[in-house]
Amino acid sequence: MNLDHHQGGWVIFASFILAILLMLIPLPLWAGFWRPDWVAMVLIYWCMALPQRVGVFSGWLVGLVLDVLLGSLLGQHALVLALVAYLSGKVHRRLRVYPLRQQVFVVFSLVAMVHVFNAWMRHLQGYPTASQLEFLYPAMTSFFLWPWVFISLRMLRRGLHVR
Amino acid sequence: MHPLFLRGTSPTLRLGLLSVLSVALMFADARMNYLDNLRHYFYASVSPLYYAVGVPIQSAQTLAQSFSQRRLLLMENQHLRDQNLRLQVQHQRLSDLQDENKRLRHLLGAAPKFVEKMLIAEVMAVDLDPFSRKMVINRGDSDDVRLGLPVFDAQGVMGQVMELGSLTSMVMLITDPDHTLPVQIARTGLHTLAAGTGVEDVLELLYLPNTAEIRIGDEIVTSGLGERFPRGYPVGVITTFHSTIGKSYAEAKARPSALLDRNRDVLLIWPPRSSPTEASIPSDTPQ
């Protein structure tokens, strides 16, 4: 990889930090279940736009930070976000040419995968299983917010020449 | 020009290696204590992010409060004054009892066990996983907080410190499924363990004999065994009790007395240093 062409790494870093902060912002209890998965969305965007810079390892690292901050099992978010990065890197060429209304379905399934996995891990740890499909709410809100996330990150990437 | 094919280790291989690593981490984190140091180190290095979220929100709330209505403030003031009076009267009686207790313990040759130090902490305006039973408070290493320190509110026991940063710490609530604390039924003195269930207002009592004498409404208090929690603080109230002859243990559930998810201010209490005469019980909470 020719690293001299890489620039604007701080934008990627800052977008991840912002996404992590958005995961921690206090919401009322009912809204907490609907919190969009900002980190997964930002990760999907960068894996799609710059697969040569952001990939499996970045996903894993961000997941590890999230594990520590959210108090989940060390490695839980790391594993699943590495998988998200892998899958979105794998299909990045196709994803780029999809229109937004088609992309949202890919985002929905990836975020749903994250939360199904988290629910499964919680169950293994002895938490009571959610009776409803509560763990899928974040996938739904991410579904609706993806176009905005995508467009704003693309503006950032183009405006600040992140390559 | 971007290279047409990305070089370096293939993502598939990387994913495989990192998955193995993550599974190993999860297993080690859940089942063993090897990773505690690593985790504490990570926590200390990323915990400033809590401040980035919590401080602006908290200052906004303070600002909003400072503009709140005069009438409300007066009402609150009156209410607090009444409460203070009531508490002072109760305290007069308690300090008398405490003196008496100290004298009696002195006569018996037992070391007095009284609380040494308290500190009020605020729950930070930070959300963790909505399913988890944990919270972040604004006191840390620099306030002499240490791991395992018990946390209380005005009604009873809330939990204990599980992660320590320099200015914040993470508290595991007593309802977390990983948490168990030694308790006593206040009325009968029966010792048992109160384990979290992951449901926000349910504690489960473990290893109760079928013949245990328990009534609904009985209060449970900390027993002081395990030496993490000082003894005699309210933990909860029994809500259900079933004893089935066919089963080895009776089932009992309790509702925590502390307002676990509706608190802003909590109290950290440093337990007195254990005296040599009473220090033979191994500490084993949390599991």
Residue order, fewest to most beta carbons within 10 Å, for B:Ser45, B:Ser22: B:Ser45, B:Ser22
Tail weight of P(r) past 20 Å, computed on alpha-carbon pairs of region B:85-179, percent: 52
Approximate shape of chain B as ellipsoid semi-axes (Cα gyration tensor, √5λ), whole Å, largest first: 38, 29, 20
Cβ-Cβ FRET estimate between A:His161 and B:Thr12, R0 fixed at 41 Å, reported to 0.05: 0.85
If the convex hull is drawn through the Cα atoms of chain A, its volume per residue in Å³: 112
Long-range amide H partners of B:Asp127 with built H, under 5 Å: A:Ile25
Highest-fluctuation residue, B:His179, B:His40, B:His79 considered, GNM on chain B with Cα pairs under 10 Å: B:His79
Theoretical gain in end-to-end length, B:Gln78 to B:Ser243 [0.36 nm per residue, Cα-Cα removed]: 54.7 nm
Phi-based couplings in Hz for region A:72-84 (Karplus 6.51, -1.76, 1.60; Gly and Pro marked x): 8, 4, 4, x, 5, 5, 4, 4, 6, 6, 4, 5, 4
Per-residue ³J(HN,Hα) for region B:9-14, Karplus 6.51 cos²θ - 1.76 cosθ + 1.60, θ = phi - 60°, Hz, x for Gly and Pro: 4, 5, x, 5, 5, 4
Residues B:Thr211, A:Thr141, B:Thr168 arranged by fewest to most Cβ contacts within 10 Å: B:Thr211, A:Thr141, B:Thr168
Inter-chain shielding of B:19-25 (mean C-beta neighbours from other protein chains, 10 Å cut-off): 6
Candidate lysines for bridging to B:Lys117, where Cα separation is under 26 Å - those fewer than 8 sequence places away on the same chain excluded: B:Lys102, B:Lys134
Separation of the B:Asn101 and B:Arg255 label points, Cα + 7 Å toward Cβ, nm: 2.7
Rg to Rh quotient for region B:22-109, alpha carbon positions, Kirkwood Rh: 1.28
Reachable lysines, given that their alpha-carbon falls under 19 Å from the alpha-carbon of A:Lys90 and they are not under 8 places away in the same chain: none
Peptide A:56-68, shielding by other chains (average Cβ, 10 Å cutoff): 5
Choice from B:Leu260, B:Leu107, B:Leu149 with maximal GNM fluctuation in chain B (Cα, 10 Å cutoff): B:Leu107
Descending principal axes extents, region B:117-270, alpha-carbon based, whole Å: 51, 32, 22
3J(HN,Hα) from dihedral phi, region B:79-88, Karplus parametrisation 6.51/-1.76/1.60, rounded to Hz, x for glycine, proline: 4, 5, 4, 4, 4, 4, 4, 4, 5, 5
Residues B:Met170, B:Met32, A:Met140 arranged by fewest to most Cβ contacts within 10 Å: B:Met32, A:Met140, B:Met170
Global size of the protein assembly as shown as Cα Rg and Dmax, reported in angstrom: 25.6, 87
FRET efficiency, 1/(1 + (r/R0)^6) with R0 45 Å, evaluated for A:Ile151 and B:Glu200 via beta carbons: 0.70
Average beta-carbon neighbours from other chains, 10 Å sphere, peptide B:48-57: 3
Residues in region B:234-267 reached by a label modelled at B:Arg86 [backbone nitrogen below 18 Å; 7 Å Cα→Cβ]: B:234, B:257-259
Under 5 Å, built H, 5+ apart or other chain: amide partners of B:Leu193: B:Val183, B:Leu206
Segments A:95-103, B:127-135 sorted - mean Cβ within 10 Å per residue, highest first: B:127-135, A:95-103
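Every number here is computed from the coordinates shown, using simple stated rules; none is lab data. The structure presented is a predicted model; accordingly, all values stated were derived computationally and were not measured. As a convention, Cβ positions derive from the backbone with ideal geometry for all residues, glycine included, and neighbour counts pool all protein chains shown.
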